[in-house]
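What follows is a short report on a single structure.
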Amino acid sequence: MATETVTDCRKDLPEVTKGKINDMITEWTSKTSEPFISFEYFPPKTPEGVEKLHKTIEQMAKQQPLFMDFTWGAGGATSELTLELSTECQKRHGVMVNMHLTCTNQEKEKCDAGLSGAKAAGIRNIVALRGDPPKGQEKWEVTEGGFACALDLVKYTKANYGDFFSLQVSGYPEGHPDRINKASDLGRDMSATEKMRAVDVDGEIHVCSDDDFEKELAYLKEKCDAGGDVIITQLFYSMEVFEYFVSKCRAAGITQPILPGIMPLNAYGGFKRMTGFCKTHIPPAMAEKIETLKGDDQKQEFIDFGIEYVATLCEKLVSSKLVPGLHFYALNQSERTYQILRRLKYLKPE
């Protein structure tokens, strides 16, 4: 079992990047009731996109996030760039990195290469994920010689790397998209909690049943018991849905910090695609308002509404005392997240 510290392998890194997220959260919450912030980015497909992202990271690093995430493409398609961006973020910008690692289309050897590469680079934080199905594939399938689920990846990492890494795992306030199915298939009326998190998918109501929701919670607890240190949630827009999810986690004996995933609204089309893919519950009042702002001549109104809605959601989350910080799915852009931070009066002087 690995016990080597990051100080042993990377003396050139800024001290602030050498910590583990779970320890940093504990330290943060012991000193202040104010939330920390963190950002997530994905590896761009073009050199121009990479250069633009470097500028975005440089700008947002000035906001002193606790950490930045970098996603991992299916089958390790972006593994080299993910590791490069992660390393540069820590070394050049002095921001702690939380690097994604997924099981999709990867043999164990590829996952292990990702872990060993992260360790060699002094990256101590990993988001252990199953991953989405590859583009063009409807259902997720196990790769021969690979991991069957995120739980397997968590167990493998703990068994082979000990406590070197802080492991973050995903949580789904509405239930995992794979468990969100047609409400008509229930064969009964939806319960009150099912109605609360029901999702409109192409005009038809879908929902994660109460039974499946309990199975999801049991699986999440397994991931945490196996070594998951922090839970980062899928994006959501309903405070009620999130509060219910947290209460069920705590009732199930899950004690890990739960970090809410916040996705700013950038444009109508992108919002619809992302929430459709993730099967996100959209509160009726929000859905109704958004449908009135989908025209090309209403782009600014849509942006203004999105800033106010997401900022208000953030205020509710902070006031609830349920979360230690706010994790923004920035989608490689800084402007909208920056505007939300300004609205919240969280902006740091540059």
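Every read-out reported here was derived from the displayed coordinates using simple, explicitly stated rules and does not represent laboratory data. Since the model is a prediction, treat every value here as computed from it, not as a measurement. For neighbour counting, all protein chains shown are included, and Cβ atoms are generated from backbone atoms with ideal geometry for every residue, glycine included.
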Cα gyration tensor, region 276-350 - rounded (a/c under 1.5), prolate or oblate:
oblate
MRE, 222 nm, helices only [DSSP H, n ≥ 4, -39500 (n - 2.57), over the chain, to nearest 500]
-14000 deg cm²/dmol
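Once the other residues with Cβ under 14 Å from the Cβ of Glu204 are scored (Lys, Arg +1; Asp, Glu -1), what is the net sum? List each step's numbers first, then the result.
On the way: positive: Lys182, Lys279; negative: Asp185, Asp200, Asp202.
So the environment of Glu204 carries a net charge of -1.
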Which aspartates and glutamates, if any, have their Cα less than 14 Å from the Cα of Lys289, not counting same-chain residues under 8 positions apart?
Glu301, Asp304, Glu308
Can you tell me how much longer the chain between Ile205 and Glu27 gets when fully stretched, taken as 0.36 nm per residue apart minus their C-alpha distance, in nm with one decimal?
59.8 nm
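Given the C-alpha atoms of the chain, compute the convex hull and give its volume per residue in Å³. All intermediate terms of the calculation are to be shown ahead of the outcome.
Numbers: hull volume 50.3 nm³, N = 350.
Convex hull volume per residue, Cα atoms: 144 Å³.
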Using 0.36 nm times the number of residues separating Ala218 and Lys55, minus their current alpha carbon distance, what extension gain do you get?
54.6 nm
Protection proxy ranking, peptides 257-264, 273-280, average beta carbon neighbours within 10 Å, highest first
257-264, 273-280
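Anything in the chain that counts as a DSSP H helix reaching 27 Å or more along its axis (C-alpha) with Kyte-Doolittle mean of at least -0.5? List them, would you? Don't skip to the end; give the middle numbers.
Numbers: long enough: 299-320 (31 Å, 0.25).
Sorted by number, the helices that extend far enough and score high enough are 299-320.
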Mind scanning Lys182/Lys321; Lys158/Lys316; Lys31/Lys195; Lys294/Lys345 and naming the pairs with a C-alpha gap bigger than 31 Å?
Lys182/Lys321; Lys158/Lys316; Lys31/Lys195
For the pair Lys289/Met274, report the inter-label distance in nm, with labels modelled 7 Å from Cα in the Cβ direction.
1.7 nm
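Which whole-number percent gives the relative contact order of the chain, counting Cα pairs below 8 Å spaced six or more residues apart? Please list the in-between numbers first.
Details: 589 pairs, mean separation 67.2, N = 350.
Once divided by the residue count of the chain, the mean separation gives 19 percent.
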How many nm is it between the label spots at Arg92 and Ser320, if each spot is 7 Å from the Cα in line with the beta carbon?
3.6 nm
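Round to the nearest 0.05 the FRET efficiency obtained for Asp112 and Asp297 when R0 = 56 Å and r is the Cβ-Cβ distance. Walk me through the intermediate numbers first.
Working: r = 52 Å, r/R0 = 0.93.
With R0 = 56 Å, the Cβ-Cβ based efficiency is 0.60.
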For region 198-297, what's the relative contact order in percent, using C-alpha pairs closer than 8 Å and at least 6 residues apart?
33 percent
